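Dropping the structure in here first, questions after.
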Amino acid sequence: MLTGDRPALSASPASDPAQAPSPTSSPPPPSSSPSSSPSASNGQPEVSVEVMTTTPSRIEQPLADTVGAASVTVLTEPEIESQEPLTAPEVLWNVPGLAVQESGTAGESAVIGIRGADPLQTLVLLDGVRINMPFRGSADLGSQFLDGVDQIETVRGAYSALYGSDAMGGVVNLRMLPPT
C-alpha cells in the first residue's frame, strides 16, 4: 500500500509541552466539606434500588442491562401512586408510544395500542399471564384496578418471537406485589 508523501502524525501528548503533565502536580486534596447526601446526615448507609424488568427477555434482569432499553418504560409503585389513579388506563395515558382507547365512562371498556399497532396486536400480561380475551383479541383494562400493582412494564416494538402474534406492537405487563 502506498502512503504517499504524508507527514507522520504524532499522537503522543508529551510531544506538546502545553499538554504534557507537570511532574510536580499532585491530585487535588479531598474535600473537607460535609456531604450533602441524606445518608450522611442521619448516619445510615445510602441504599440504591435497582429497577428489575422481566418483559423484554422473559428473564429478570436490571433495566440498565436490558437490550433495547430505550423501548422499555417501567413505572414503579411510587410513580404510579404519585398520579393517584384508580384504573390502569389512567396511568398508561402518560407512557410514550401508547394509545389508550376508552369507550364510555371510567370503568368501562379500555384497550391499548402501542406505536400505532391495533389493540389486537398488543399483548397485556398480569404477572406474566396473558389477559387478552380469546374471542375479542385485545385485553380490556377498563376495570383493572391498581390495588396491589407493584410495577407496570411497557415494551414497545415487535416481540412476537417471544410472546406470539399478540405481541406484534408490544407488551404491557402489570406486576403485582408479592403475597404477604
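Bear in mind these aren't lab numbers, they're just calculated from the coordinates by the rules spelled out. For clarity, every value in this text was computed on a predicted model and none was experimentally measured. Quick reminder, even Gly has a Cβ in these numbers, built from the backbone with ideal geometry, and neighbours come from all protein chains shown.
Per 0.36 nm of contour for each residue apart, how much would the distance between Phe135 and Asp118 grow if the chain were fully extended, relative to their Cα-Cα spacing?
Between Phe135 and Asp118, full extension yields an extra 4.6 nm.
List every residue whose amide H lies under 5 Å from the amide H of Gln151, counting only residues 5 or more places away in sequence or on a different chain, with H placed 1.01 Å from N in the peptide plane.
Close amide H contacts, sequence-distant or interchain: Arg175.
How much net charge surrounds Gly97 when only other residues with a Cβ under 10 Å from its Cβ are counted (Lys, Arg +1; Asp, Glu -1)?
Charge balance near Gly97 sits at +2.
While we're on this one: Report the label-to-label distance for Ser165 and Ala64 in nanometres (one decimal), using points 7 Å from each Cα along the Cα→Cβ vector.
Placing both labels 7 Å beyond Cα along the Cβ direction yields 4.1 nm.
When Rg is the radius of gyration of the Cα atoms in segment 59-180 and Rh is its Kirkwood radius, what does Rg/Rh come to?
Result for segment 59-180 is an Rg/Rh of 0.94.
Taking amide hydrogens as modeled 1.01 Å from N in the peptide plane, which residues meet the under 5 Å criterion relative to Gly170, leaving out close sequence neighbours?
Leu123, Gly157, Tyr159
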